[in-house]
C-alpha cells in the first residue's frame, strides 16, 4: 500500500463524541496531554527494555533509550519522540483511538458533567492519548516497530470522524514520533519555558532521559525507588527542598518500601516548621501520587488524613489498578490499603521517635501538634493517636514542659481511675482556679488544656486503656477525698454541729437570693483558699464546652451550675456571723451576688460585668468608710 493509497478508518461513535468534547469544551486542563504522551513514551521504552531482558532480537540496538521533545515555535509544532518498542500497522489500530475497554460511556457522561475536573477524569477511563486534541488541530504519528520485519507506519487525524493509516516507504528508526500541530490558542505548548514547567511538574521522575531541544530536563532522581543504603542525607535534603520549596532541611525523613500484602514506595518528610499560619493553609495538604514515576495526583488528600497533613512527600505504587492510560484509579481497594498502611507507618515512626528521642519529638509536637489533634476522630488508630498527644501539666516546672498520657498514668495515685484535665487560657490561670485547689492539696497531676480544641480531643476520646478522661469541675469528690494530702500547711477548723446547721441555712439563703441562676448551693469539700466556685454536675457539659456552644449557637441557653461556698474561708465565716445576728442583712445579699458573679467571671461566663463593677465600687466605698471610722476610733 503506497502513501497515496492511505486507508481511512472511522472512529467509533463514542470516540467521536469524546473527540468533539475534547476539541471544543475543555481548556483549563489542556497541559495534561503532554503528561499523557510522555507517559506513553515511557511505557514504550519500558516494554523495549523488557524485550531486551528476554534476549529478544530487535532493530536499532544502538539507539539510546530516551524521550526527545522538539519545539517549532514559529510553526506552532510540538514533537515527542521515543526510541521505545514502536507499533506496527495493526498495533496502531488497536492502541490509538481506542477508549479503555470498559466504562467508555460512563467516561463520556462524567466528562460532559464535570469539565472543570478534566485533569482527574481524563485517564481514569483510559483515554490519555485523546487528550492531545484539546491542543491539536492535527496529529501525525510515525512509528517503527522493534520487530525487524515490520514496516514503519504513519497515522494522521484532525480529531474529527476518521483517521488515515498507511505504511511508510521511507526508512525510520525504531520508536514513535508524535507531531502535534497546535491550535492558535494553544501555541504556548511550543514555548520552551511552558513545556519545561509541565515536564518538571508531571514527568520529572520518569526513569528515562527527557531531552527538551537537546537539554535534559528530568535531572532530579526518583529517590523513593532507590535503595535506602545508597542515599545520602544530603540527597534526601535536596529532594525535600525540591518537593516542598522549603529553605530548611526536613526535621525527619521516612523512606518506606513495602512489598506485601501491597507494594508501594514512599518518601515522606516532616518539616521543621509548620506552614499552617493561622490555619489558612490547613486544606493545602496531601501526598503526591505516582505510578511508575509518573505523577497521577498532586496533593492527594485520600492518601493521608488531615491530622497528618503536615507530612510532605510522594507515594509510588505499581499495584494501583489503572487502565491503559495510567491516570487515576478505577477502583479504590488497593489505594485504601496503601493509605491505611501509610498512616500506620507514620504513627509508628512518631511513636518510636517519641520513645527514642523525647526532645526531638517535642519539637515536632510544638510545631505540628495543633494539626495532629484533629485526629481525635480516627478511632481505628485511637491508641496510637493518644500515645502521641502531649500536654502541659501540674507536674511540669513551667509552661514549656510536656507530658504524655502514658507518663501521666505512671504517676497515678492508688485506686485512681481517672485522667484529670483542666481547661484555661494560661497555666497560671488554671493553677489559681478554685477547682484546682483540691488537686494541688492531694498532689494529683492535672493535664492543662491551653488550646481551645484540646477539650474536644479528650472528650471525643473518652478513655484510654481503663482510664477515663475527666474534667476537674466534674470530678467525683468522694474518690479524691480518700487520697492522702501532700500539702499540710493549711489546717481547717472543725465546724461545730451548731455552726453546721447555720451554714446549711446560710447556703439556703444564698439559693433564695440567687434563685434559678444556680441549681444548688452547698458547702464545698474541694476549696482550700477560695471562698466560692461554680462546678458542673458529673454528667453535664464542662465549663469550656459551655463557652464554645455559647459562641457557636446564637440561642444557646447556658446550663445552670452548682454554687459551692467554702465554710473555712474568713469571708464565709464573717457572713455566717452576720447571718446569725440578722439573716435579712442586705450585706449578705450583696455578698452572695458578688461571690456568684466573681465565680462566673473566673469561668469566663459573666455576660454583663456592669452590675459586678457597680457593686464592687459600692462595697469598697462602704469598706473604706468603715475603715476610716475605725482609724478615727483608734486615734482618739
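What tally of residues in segment 376-408 results from selecting those that are surrounded by fewer than 20 Cβ atoms within 10 Å (Cβ to Cβ), touching a residue at least 60 places away in the same chain (Cβ under 8 Å) and part of a helix (DSSP H, G or I)?
3
For segment 409-438, name all the residues that are surrounded by fewer than 21 Cβ atoms within 10 Å (Cβ to Cβ) and part of a helix (DSSP H, G or I).
Once the filter is applied, which keeps residues that are surrounded by fewer than 21 Cβ atoms within 10 Å (Cβ to Cβ) and part of a helix (DSSP H, G or I), segment 409-438 yields 409, 410, 427, 428, 429, 431.
Out of segment 576-615, which residues are farther than 30 Å from residue 495 by Cα and assigned to a helix (DSSP H, G or I)? Walk me through how you get there before you give the answer.
Quick first cut of segment 576-615, residues farther than 30 Å from residue 495 by Cα only: 604-615.
Listed by number, the residues that qualify are 610, 611, 612, 613, 614, 615.
Quickly run through segment 446-467 and pick out the residues that are surrounded by fewer than 21 Cβ atoms within 10 Å (Cβ to Cβ) and over 27 Å from the mean Cα position of the chain (by Cα).
Listed by number, the residues that qualify are 466, 467.
Which pairs turn up if I take residues in segment 157-171 that are under 15 Å from residue 143 (Cα atoms) and look for partners that are assigned to a loop (DSSP other than H, G, I, E, B) and at pLDDT 85 or above with beta carbon separation below 6 Å, at least 6 apart in sequence or on another chain?
167/151; 168/152
Consider residue 234 against the criteria (1) modelled with pLDDT of 90 or more; (2) part of a loop (DSSP other than H, G, I, E, B); (3) out of contact with any strand residue (DSSP E or B) (no Cβ under 7 Å at 6 or more places or on another chain): it satisfies all of them except one. Which criterion is unmet?
Going through the list (1) modelled with pLDDT of 90 or more; (2) part of a loop (DSSP other than H, G, I, E, B); (3) out of contact with any strand residue (DSSP E or B) (no Cβ under 7 Å at 6 or more places or on another chain), residue 234 breaks only (2).
Only one of (1) surrounded by fewer than 19 Cβ atoms within 10 Å (Cβ to Cβ); (2) in contact with a strand residue (DSSP E or B) (Cβ under 9 Å, 6 or more places away or on another chain); (3) part of a loop (DSSP other than H, G, I, E, B) is not met by residue 243, so which one is it?
Failed condition: (3).
So, of the residues in segment 26-75 that are assigned to a loop (DSSP other than H, G, I, E, B) and surrounded by 19 or more Cβ atoms within 10 Å (Cβ to Cβ), which turns out to be modelled with the highest pLDDT?
Our first condition is that a residue be assigned to a loop (DSSP other than H, G, I, E, B); within segment 26-75, this holds for 26-31, 54-66, 73-75.
Right, trim to surrounded by 19 or more Cβ atoms within 10 Å (Cβ to Cβ) and you get 26, 30-31.
Numbers: 26: 50, 30: 82, 31: 87.
Across segment 26-75, the extreme among qualifying residues is 31.
Taking the condition of being at pLDDT 95 or above and touching a helix residue (DSSP H, G or I) at 6+ places or on another chain (Cβ under 9 Å), how many residues in segment 168-184 meet it?
6
Would you mind telling me which numbered condition in (1) closer than 30 Å to residue 343 by Cα; (2) surrounded by 15 or more Cβ atoms within 10 Å (Cβ to Cβ) residue 196 fails?
Going through (1) closer than 30 Å to residue 343 by Cα; (2) surrounded by 15 or more Cβ atoms within 10 Å (Cβ to Cβ) one by one, residue 196 breaks only (1).
Just checking, does segment 186-209 include any residue being assigned by TED's automatic domain parsing to the domain that holds residue 48 and assigned to a strand (DSSP E or B)? Reasoning before the result, please.
Quick first cut of segment 186-209, residues assigned by TED's automatic domain parsing to the domain that holds residue 48 only: 186-209.
So of that shortlist, the ones also assigned to a strand (DSSP E or B) come out as none.
Scanning segment 186-209, I find no residue that is assigned by TED's automatic domain parsing to the domain that holds residue 48 and assigned to a strand (DSSP E or B), so the answer is no.
Residue by residue, here is whether (1) surrounded by 15 or more Cβ atoms within 10 Å (Cβ to Cβ); (2) part of a loop (DSSP other than H, G, I, E, B); (3) in contact (Cβ under 8 Å) with a residue 60 or more places away in the chain holds:
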| residue | (1), (2), (3) |
| --- | --- |
| 224 | yes, no, yes |
| 247 | no, yes, no |
| 275 | yes, yes, no |
| 290 | yes, no, yes |
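Pick out the one residue from 179, 150 that is part of a loop (DSSP other than H, G, I, E, B) and buried (at least 17 other Cβ atoms within 10 Å of the Cβ).
Numbers: 179 fails: part of a loop (DSSP other than H, G, I, E, B).
After applying the criteria, what remains is 150.
Pull out all pairs, ordered by first then second residue, where Cβ-Cβ is under 7 Å, the residues are six or more apart or on different chains, the first lies in segment 519-531 and is more than 14 Å from residue 575 (Cβ to Cβ), and the second is modelled with pLDDT under 90 and part of a strand (DSSP E or B).
519/561
Of (1) surrounded by 10 or more Cβ atoms within 10 Å (Cβ to Cβ); (2) over 30 Å from residue 431 (Cβ atoms); (3) modelled with pLDDT under 90, residue 589 satisfies all except one. Which?
Failing condition for residue 589: (3).
Matching residues to (1) at pLDDT 90 or above; (2) surrounded by 19 or more Cβ atoms within 10 Å (Cβ to Cβ):
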residue	(1), (2)
508	yes, no
516	yes, no
520	yes, no
539	no, no
558	no, no
595	yes, yes
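Does residue 361 count as touching a helix residue (DSSP H, G or I) at 6+ places or on another chain (Cβ under 8 Å), at pLDDT 95 or above and either in a helix (DSSP H, G or I) or buried (at least 18 other Cβ atoms within 10 Å of the Cβ) (or both)? Break it down into steps so the answer makes sense when it comes.
Numbers: touching a helix residue (DSSP H, G or I) at 6+ places or on another chain (Cβ under 8 Å): yes; at pLDDT 95 or above: yes; either in a helix (DSSP H, G or I) or buried (at least 18 other Cβ atoms within 10 Å of the Cβ) (or both): yes.
Yes.
The values are calculated or read from the model by the stated rules, or taken from the named source; none is laboratory data. Treat the numbers as computed from the prediction; the structure is a model and nothing was measured. All Cβ positions, even for glycine, are placed from backbone atoms using ideal geometry, and neighbour counts span all protein chains on display.
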